[in-house]
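Note sheet for the following structure.
The values are calculated or read from the model by the stated rules, or taken from the named source; none is laboratory data. If you're wondering where the values come from, they're calculated on a predicted model, not measured in any experiment. Note: ideal-geometry Cβ built from the backbone for every residue, glycine included; neighbour counts use all protein chains shown.
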Amino acid sequence: MSWFDDNSMWEVFYDCMFDDDSFALADEQCAQVLRLIGQTPGSILDLACGPGRHVLGFARRQLPVTGVDLSGYLLNQAANLVSQQELTANLVHSDLLDYQPTGRFDLITNLFTSFGYYPDAEQNQQVLNNACTWLNIGGTLLIDTFGKEQAARDIEPVHCTEYDNGDLRFERPLLIDQMRIYANEWTLVRGNKAYRWEYQHYVYSADEITAMLKLAGFSEVMIYGSLDGADYDLEADRLVVLARK
Ligand SMILES: C[S@@+](CC[C@H](N)C(=O)[O-])C[C@H]1O[C@@H](n2cnc3c(N)ncnc32)[C@H](O)[C@@H]1O
């Protein structure tokens, strides 16, 4: 089992990663995404949608949206929220590389550092190749992640985050394999229990991901430092990649 295929891990970390504030933030991010792409998409696919934070945001704006995710636990959370909020969305339980859409999309999103998880670099390239195939001509792929430049700038030795519910998360991040891989170890201390989780994924520089997107067949690639379109520079918060077919 890969780290990202471990439902018990998502269950333990759910309250920290996906609290109410994170859902409110995702709703704002949907508005930012729509402004950044400068189009109203007729169909959206959210790749690795998790608990559906952005699926809900798009559905609230009456946009037809499909979310795909490997985690049954997270997808179940998404389905419950869609139903509680009386929204309409299509949710698919699948590995990204097994997913076979029946139609094409105007916008494909991949948000909150959900790219680069496959252990084989070719598989990560394949995700981009597929996204390009699944877009209508003129459609957009939008990826929000952190870049290698930011990882190198921001990486901290062991540090701790305290959550509102009192949980403590200790992290031990590293950039390994000639800075190709971001490897992290989380220890969550909740009351008198501790949970440990190790994960790693590829990190790409702006130039590296641009080359991958060109190889996938995208005609134009734009790089930003945030979803509101800031420059990708030394102050950038995120690596936001907008690729047009
Ligand atoms: C950091 S979470 C982000 C979730 C969501 N995009 C958000 O913003 O809330 C990463 C997500 O990627 C999903 N994921 C990881 N590998 C996957 C794969 N191979 N196929 C489908 N989903 C995957 C995980 O299940 C998880 O929901």
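Leu213 passes every criterion in (1) touching a Ser or Thr at 6+ places or on another chain (Cβ under 7 Å); (2) in contact (Cβ under 8 Å) with a residue 60 or more places away in the chain apart from (1). Filtering Ser71, Ser8 for residues that are surrounded by 21 or more Cβ atoms within 10 Å (Cβ to Cβ), of a type in the set (Ser, Thr, Tyr) and under 30 Å from Ala194 (Cβ atoms) leaves a single hit, Ser71.
Scanning region 131-163 for residues that are in a helix (DSSP H, G or I) and out of contact with any strand residue (DSSP E or B) (no Cβ under 9 Å at 6 or more places or on another chain) returns Thr133, Arg153, Asp154.
Which residues, taken from region 102-126, are within 13 Å of the ligand (Cβ to nearest atom) and surrounded by 18 or more Cβ atoms within 10 Å (Cβ to Cβ)? Matches in region 102-126: Ile108, Thr109, Asn110, Leu111, Phe112, Ser114, Phe115, Gly116, Tyr117, Tyr118, Asn124. Residues of region 185-204 that are more than 17 Å from Asn110 (Cβ to Cβ) and buried (at least 16 other Cβ atoms within 10 Å of the Cβ): Trp186, Thr187, Leu188, Arg190, Tyr195, Trp197, Gln200. The numbered conditions (1) touching a Leu at 6+ places or on another chain (Cβ under 8 Å); (2) modelled with pLDDT of 95 or more are all true for Thr133 except (1). Figure legend. Inter-residue proximity from region 41-64: first residues free of Cβ contacts under 8 Å to residues at least 60 places away in the same chain, second residues of a type in the set (Val, Ile, Thr) and within 12 Å of the ligand (Cβ to nearest atom), beta-carbon distance below 8 Å, spacing 6+ or different chains. Indicated pairs: Cys49/Val55; Cys49/Val68; His54/Val33; His54/Thr109.
Gly138 fulfils the conditions (1) surrounded by fewer than 20 Cβ atoms within 10 Å (Cβ to Cβ); (2) within 14 Å of the ligand (Cβ to nearest atom) except for a single criterion, (2). Hey, does region 36-45 have a residue that's within 15 Å of the chain's Cα centre (by Cα) and either modelled with pLDDT under 95 or under 22 Å from Leu141 (Cβ atoms) (or both)? Yes, the conditions are met somewhere in region 36-45.
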